[in-house]
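Step one of this worksheet: look at the structure below.
The values are calculated or read from the model by the stated rules, or taken from the named source; none is laboratory data. Here the structure is a predicted model, which means the values were calculated and not measured. Note that we place each Cβ from the backbone using ideal geometry, even for glycine, and neighbour counts take in every protein chain shown. The accessibility values were calculated without ligands, DNA or RNA, using every heavy atom of the protein model including side chains. Shrake-Rupley method; radii C 1.70, N 1.55, O 1.52, S 1.80 Å.
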Amino acid sequence: MPRVPDEVFRAPKGVHDVLPPESGTWATLVGRFADRAARSGYGLIVGPVFEHVEVFRRVGEHTDVVSKEMYEFEDKGGRALALRPEGTASVVRAYVQHRPTPPWKVWYVAPNFRYERAQKGRYRQHWQLGAEVLGVDDPAVDVEVIALLDGFYRDLGLSGVTLALNSMGDAQSRPGYVSALRAYLLDHASSLGSEFRERVEANPMRVLDTKVPDWQDVVGRAPQLTEHLSEPAREHFEQVQEGLQALKISYELAPRLVRGFDYYTRTTFEFQSDALDAAQNALGGGGRYDGLAEEMGGPATPGIGFGAGIERLVLALDAASSAPTTRRLDAFVINGLGDAGSVATTVLVSELREEGLGADRAYGGRSVPAQWKAADRSGARYGVMLGRDEAARDAVAVKDLETGEQVEVPENGLATWLSDRRELGSEVAR
Ligand code: AMP
């Protein structure tokens, strides 16, 4: 057989495997988010990983994500498709296709694909937890969506998180503002080079959140959209702020927060973490996209949502050494009866699992010392030994794998004994 280079059997640049035990943190995060979303009336949406490329063109032909970073391909039937670079467009496409009764509240956990310059916190496949609400333009829904993400981060005990809030205005406020901004920026463009001028000509709002040091001064003094809001947009923005204040969710007004897509209208927001590098400190964010359903051929439908990166959240939790406790095994069953105990081990492990406990075992007739080693490695709270002496009394020996303390427990009372001790360390932390 011809030799294949070793790198072919490694994950491609910019993507990664998430393995145990780190993946335990992922499972906990997804579970907590699912729980919170369900408690707020959101149902799970599971969508395709690829769509017709047009679905994503609608979210911003002028954005890097769509114009430069998209994984586009033609399938064997000649269709122009793309791996999804973000979550909102697919959800809106599903809404337009299925026309569910609004308000339509959905959440998702899904991978996104962007051909980015790979570095810590920036990958070519990353995962997002997200939520979207279609069909309501009540500011109460903006508050609810922000509170959902805020509550999720708060549950995790994350500190150093700031909520940046802005309004991008509506169809009435935007055109006037964009021409005022363009005129101002072009007036000051002479010393800032051709790239600045080109970007301003294409879409002046896209330079507002620039990280280029030479541009900051001019951009910092540019007219602000919040000063040009139409009356309805200003009122909406005020009501969103009142709602956040009533829920004691602190925020900072960020007039230059425009975020990466063209579709945003009115409320936009971003949660930023000071535990992450400044260039990618965004933990999660989103906003309103009141015109997007219509652009996809659907009825005029307001919408709002967010996407929150899982990898960045894990980095922020690691930096604060506050990864949530993941569920550990309650018991590791050790067969001290040799071949004769093999089936008894299978039965006991199965019974504990049926009782809702976490239980595991070793395989392949290993020695008792090797099984104890496996028990330690498994992270289980207790080792449960099926031994000859204990079996004669219908009991098992139970050893606390942290303290080494050992007690004898009647076999038919084992599940209850373990359940009674669950709060003492093996429950998923809240
Ligand atoms: P966006 O869809 O660009 O608004 O991003 C939403 C969130 O996804 C960000 O706040 C990040 O947490 C995360 N994210 C975006 N792009 C990447 C990436 N290339 N690698 C890792 N996380 C990302």
*Near Ala392, within a Cβ-to-Cβ distance under 14 Å, what is the net charge of the other residues, with Lys and Arg +1 and Asp and Glu -1?*
-3
*Calculate I(q)/I(0) for region 154-222 by the Debye formula, one identical point scatterer on each C-alpha and no solvent, and give its log10 at q = 0.27 Å⁻¹ to two decimals.*
-1.27
*Roughly how many Å is it from the Cα centre of region 361-389 to that of region 159-218, as a whole number?*
63
*Residues listed by number, region 146-173, amide nitrogen under 20 Å from Ser321 label point at 7 Å toward C-beta*: 156-161
*Work out how much length Glu74 to Arg154 would gain on full extension: take 0.36 nm times their residue separation and subtract the Cα-Cα distance, in nm to one decimal.*
24.5 nm
*At Ala300 and Ala27, where each label point lies 7 Å from the Cα along Cα→Cβ, what is the point-to-point distance in nanometres?*
4.9
_Amide N of region 332-365 lying under 13 Å from the label point, which is placed 7 angstrom from the Cα of Val407 along Cα→Cβ_ = none
*asked:* How would region 106-199 be classified by its alpha-carbon gyration tensor: rounded, prolate or oblate, with rounded meaning a/c under 1.5 and the a/b versus b/c comparison settling the rest?
replied: oblate
_Solvent-accessible area per residue for the chain (1.4 angstrom probe, square angstrom)_ = 49
*Using modelled backbone amide H atoms (1.01 Å from N, in-plane), which distant-in-sequence or interchain residues come within less than 5 Å of Trp127's amide H?*
Asn112, Ile310, Glu311
*asked:* Can you give the log10 of the normalised intensity I(q)/I(0) at q = 0.07, 0.12 Å⁻¹, computed with Debye over equal Cα scatterers of the chain?
replied: -0.47, -1.03
*What residues qualify as long-range amide H neighbours of Arg266, i.e. H under 5 Å apart, gap of 5 or more or another chain, H built at 1.01 Å from N?*
Met168, Gly169, Asp170
_Binning at 5 angstrom from zero up to the longest distance, how are the C-alpha pair distances of region 47-142 distributed in percent?_
3, 12, 21, 21, 20, 13, 7, 3, 1, 0
*Quick one: dipole size for region 67-127, taken about the Cα centre, charges +1 on Lys/Arg Cβ and -1 on Asp/Glu Cβ, in debye to the nearest 20.*
160
*Compute the Rg to Rh ratio over region 331-429 from the alpha carbon atoms, using the Kirkwood formula for Rh, and round to two decimal places.*
0.93
*Amide H of Arg328: which non-local residues (sequence gap of 5 or more, or other chain) have their own amide H closer than 5 Å, using H built in the peptide plane?*
none
*Using a Förster distance of 30 Å, how high is the FRET efficiency between Ser190 and Arg57, based on the Cβ-Cβ distance and rounded to 0.05?*
0.35
_What's the ranking of 4-10, 379-385, 227-233 by average number of surrounding C-beta atoms within 10 Å, highest first?_
379-385, 227-233, 4-10
*Which distance in nm do the two modelled labels at Arg421 and Leu44 give, with both placed 7 Å along the Cα-to-Cβ direction?*
3.3
*Distance between Cα centroids, region 294-330 to region 71-108: provide it in whole Å.*
18
*Using the charge dipole of region 331-429 (Lys, Arg: +1 at Cβ; Asp, Glu: -1 at Cβ; taken about the Cα centre), state which of Ala391, Val347, Leu337 has its Cα farthest towards the positive end.*
Leu337
*Treat every Asp and Glu Cβ in the chain as -1 and every Lys and Arg Cβ as +1, leave all other atoms uncharged, and give the resulting dipole magnitude about the Cα centre to the nearest 20 debye.*
740
